[in-house]
Structure formats: structure tokens, C-alpha cells
Amino acid sequence: MRTQRLDTSPQAIAVAAELLRRGELVAFPTETVYGLGGHALDQTAVAAIFAAKGRPTSDPLIVHLATAADLPRVAVDIPPLATELATHFWPGPLTLIVPRHPHVPRAVTAGRETVAVRVPSHPVAHALLVAAGVPVAAPSANRFGHTSPTTADHVLADLDGRIAAIIDGGPTPIGIESTVLDCTTNPPTLLRPGGISLEALTAVAGPIQTYHRTTNKSETGFVSPGLLDRHYAPDHELWLFSGPLPDVLHRLRIETETALAAGLRIGLLLPAEDLMLFDDLPVEMESLGPATEPETMAQRLYAALRALDDRHLDRIFTRDLDEAGLGRALRDRLRRAAARVVFVN
Ligand code: TXA
Ligand code: MG
């Protein structure tokens, strides 16, 4: 199969929408990352999504809708809190877990009685969903276990020849995935930090319980299969240094010098101001941007990881970032990508 590269003109979006209605797979930009879309109510299309991604069928998909008014098409007994959060945050990078409508194929929800739903705010995603007129199931458009794609080139590097088309809408503005919130528990459970901060959610929803990654269980024992520990894994070893900043920077220096002396090829994935401290060393660097700008760091994270991946390094060093706002999601993604966490102090 040749993968058709489409632009964002209304004609191209009409072509993509028709492909989706016919059960073909189309990758498209959202405000978070690129999605690998298929007709959510078509069993064959849903099976094709799992096959193209190489994703275990035990890991459920997010259903994308054009508007919050479509929610009753895929969900039943919608909790009032979900309606309230949808009103506040949709369209936008928030995925709500709600009870599944019986006509949503079980393959989408991996056999669960709940379904993940979101209304993306990206104008191209919105136009595509309106034109398709059907709910679109879409995981991130990467091969399973790879870094999520923030550009059309990232998508094609993983999926060229495995999907019918991709709409190239340029780099995605947020750069990390949506926040996933389970609204079927009381209080609601944060399953994945993402584009909407926990602080913003709490301001609307009140108390939220967080999911414990170490036990793979929330406080209510609910398990989310997609939240595997190593998920956004690059091809080589990523070491994450955690602790007070001055100690972390000192340790990073020592580890880098030691590794270089041992003949290893080292990459650094750090905020811009940290990288200046390593100017004198023969290392590969990818800047996340200013440490004071979590939005910029989120935008750059996945492209930076892929860029380092392409350079055949033995080891990449990074550090924990501040947890405020989008920082929580950044920290989560780095932890999942890390082969090893080094606690300093
Ligand atoms: O920003 C995003 O959310 C992107 C764009 C394309 O919308 N999509 C995305 O999809 O990140 P994916 O499949 O890579 O991640 C979906 C996450 C997985 O961790 C999955 O396990 C979880 O949502 N999930 C989906 N349905 C669920 C359900 N019914 N219960 C619990 N977790 C669910
Ligand atoms: Mg994913």
C-alpha cells in the first residue's frame, strides 16, 4: 500500500474523510500529537488500527468526536462530572473515560464497559471529524512502544506503507498527549497526565485521585493497560537523573565525563540553560528550550528524542523537570522513556 500524503485543503480533507468512512486508516494532526484514525464503529477498521501499530489488542483506543454534542453516540449514563468537564475543556487535550454505548465495538475498548472519548481542538482534526461524520478511533500514530509523532515525517518513519493516507498539518502545537481522566470513579482518577494540567482539572472537578504507576493500580484497584511502565521508549538507553538541581547537574557532569572517557557516545536531552554547562564536552545535545517554559519543552520533547535516536548514541542523559502545570506530563513521559532512574543524593 502506498501512503498518500495529503495537505489541509478542504478537497484533501474530503478525500481523507471518504477514506475513513470506507474503513481505511488516515493519520491526522491533533493539538497534542498525530493520531492514527479509523472508523470507530467499523470492526474491520478498528482491527486494522491495532495491526498497523503493532499494538496489543488489550490496550483500548480513544474515540474522537467533532463536538461534545456527539457524546451520546458513543457513551451512555454519562456522569454529570464528565458533562461539566466536557463543557469546560472541549474542544481540547482532555480524554474522558465514560460508560460505553453498546454499539461501540468491544475491540475499541479492549472489552471494557468504558470508553475513552475526546473532542480535539486542532482545526484540521475538527474539519476531518466533521467531514467524516463518524466517530474516529485514534491512538497516537507511532508503532507500539515508539515515541509519539509530532510531525508528519515522524508518522511516516513509523507507518509509511501501513496506512492509506496522512494529512500533513505541520508540527502539533502541544506536543504531548491528552490528559486521561476516568470519570467512572469517585473521585475521578487521573490515568495519564497530559495537555490539561491537574491544577486546571482540579479547579473544575474538585479532588482527583492519581493513578499509582508502581502498582499499575489506582486507589480503587482500576487498571489501565496502556500505562505500561516503559512506553515511550527510544532505541538506546536513556538515563534520568532525579534530585535537587545543583546535585543533579554536578552528577550529570561526572557521569558524562566518565562515559566519554570509556569511549561511549553520549547525548544530552536537557533544558537550554543546563546545556550551556556542557559546551566544552564532545557530546550530542538536544535542547528542550527554557526550563521556565514547560509548554516549549512539551512541544520539543518527542522530536528531540527522535533526533537523538537517529544519532546512534550509547546513552542519553536527561533529568527530572519541575512538576507544575505541563511539567507533570513531561516528567511522566521522561520517566516512561527512561531505562534507568538515578536518584542523586
Ligand atoms: O492526545 C492523545 O490522546 C492522542 C491523540 C491522537 O488524540 N491519542 C493517544 O492515544 O495518545 P493512545 O492510544 O496512544 O493513548 C490512549 C490511552 C492509553 O493509555 C489507553 O490505555 C487509555 O488511553 N485508554 C483508552 N481507553 C481506555 C479505557 N476505556 N479505560 C482506561 N484507559 C483507557
Ligand atoms: Mg500512544
For this session: Among the candidates Ile166, Ile97, Ile176, single out the residue that is within 16 Å of ligand 2 (Cβ to nearest atom) and not in a loop (DSSP other than H, G, I, E, B).
Result: Ile97
Exercise. Would you say Pro79 is touching a Cys at 6+ places or on another chain (Cβ under 7 Å) and under 20 Å from Pro91 (Cβ atoms)?
Worked result: yes
Seminar exercise, completed: In segment 115-135, residues that are surrounded by fewer than 20 Cβ atoms within 10 Å (Cβ to Cβ) and within 12 Å of ligand 1 (Cβ to nearest atom) total 1
Exercise. Any residue at all in segment 35-46 that is surrounded by fewer than 23 Cβ atoms within 10 Å (Cβ to Cβ), of a type in the set (Gly, Ala, Ser), assigned to a loop (DSSP other than H, G, I, E, B) and more than 16 Å from ligand 2 (Cβ to nearest atom)?
Worked result: no
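Each row is one residue, and each column tells you yes or no for (1) away from ligand 1 (no atom under 14 Å from the Cβ); (2) touching a Gly at 6+ places or on another chain (Cβ under 9 Å); (3) part of a helix (DSSP H, G or I).
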position	(1), (2), (3)
Ala16	yes, yes, yes
Ala27	no, yes, no
Ala52	no, yes, yes
Val63	no, no, no
Glu84	yes, no, yes
Problem set entry | Selection within segment 90-100 - of a type outside the set (Gly, Ala, Ser) and crowded, with 19+ Cβ neighbours inside 10 Å | Trp90, Pro91, Pro93, Leu94, Thr95, Leu96, Ile97, Val98, Arg100
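For Leu65, are the conditions met, namely being in contact (Cβ under 8 Å) with a residue 12 or more places away in the chain and crowded, with 23+ Cβ neighbours inside 10 Å?
Details: in contact (Cβ under 8 Å) with a residue 12 or more places away in the chain: yes; crowded, with 23+ Cβ neighbours inside 10 Å: yes.
When the stated conditions are applied, Leu65 passes them.
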Exercise. Would segment 201-214 turn up any residue that is modelled with pLDDT under 95, away from ligand 1 (no atom under 16 Å from the Cβ), polar (S, T, N, Q) and in a loop (DSSP other than H, G, I, E, B)?
Worked result: yes
Problem set entry | Filter result for the condition that a residue is within 16 Å of ligand 2 (Cβ to nearest atom) and under 20 Å from the mean Cα position of the chain (by Cα), over Val108, Val119, Val124 | Val108
Exercise. Mind checking whether some residue in segment 152-173 is more than 20 Å from the chain's Cα centre (by Cα), closer than 21 Å to Gln43 by Cβ and without any contact (Cβ under 8 Å) to a residue 24 or more places away in the chain?
Worked result: no
Exercise. Would you call Val76 closer than 17 Å to Val46 by Cβ and either surrounded by fewer than 18 Cβ atoms within 10 Å (Cβ to Cβ) or assigned by TED's automatic domain parsing to the domain that holds Thr32 (or both)?
Worked result: no
For this session: Output the qualifying pairs, or none if there are none: Cβ atoms under 6 angstrom, residues six or more apart or on different chains, first residue in segment 92-105 and assigned by TED's automatic domain parsing to the domain that holds Val124, second residue charged (D, E, K, R) and away from ligand 2 (no atom under 16 Å from the Cβ).
Result: Ile97/Asp182; Pro99/Asp77; Arg100/Glu113
Problem set entry | Leading residue by the ranking (surrounded by the most Cβ atoms within 10 Å (Cβ to Cβ)) among those in segment 289-337 that are free of Cβ contacts under 8 Å to residues at least 40 places away in the same chain and closer than 24 Å to Asp158 by Cα | Met297
Seminar exercise, completed: When (1) under 15 Å from the mean Cα position of the chain (by Cα); (2) in a loop (DSSP other than H, G, I, E, B); (3) crowded, with 20+ Cβ neighbours inside 10 Å are applied to Gly145, the one that fails is (3)
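The values are calculated or read from the model by the stated rules, or taken from the named source; none is laboratory data. Just so it is clear, the structure is predicted and the values come from calculations on it, not from any experiment. Here Cβ is always computed from backbone atoms with ideal geometry, including for glycine, and neighbour counts include all displayed protein chains.
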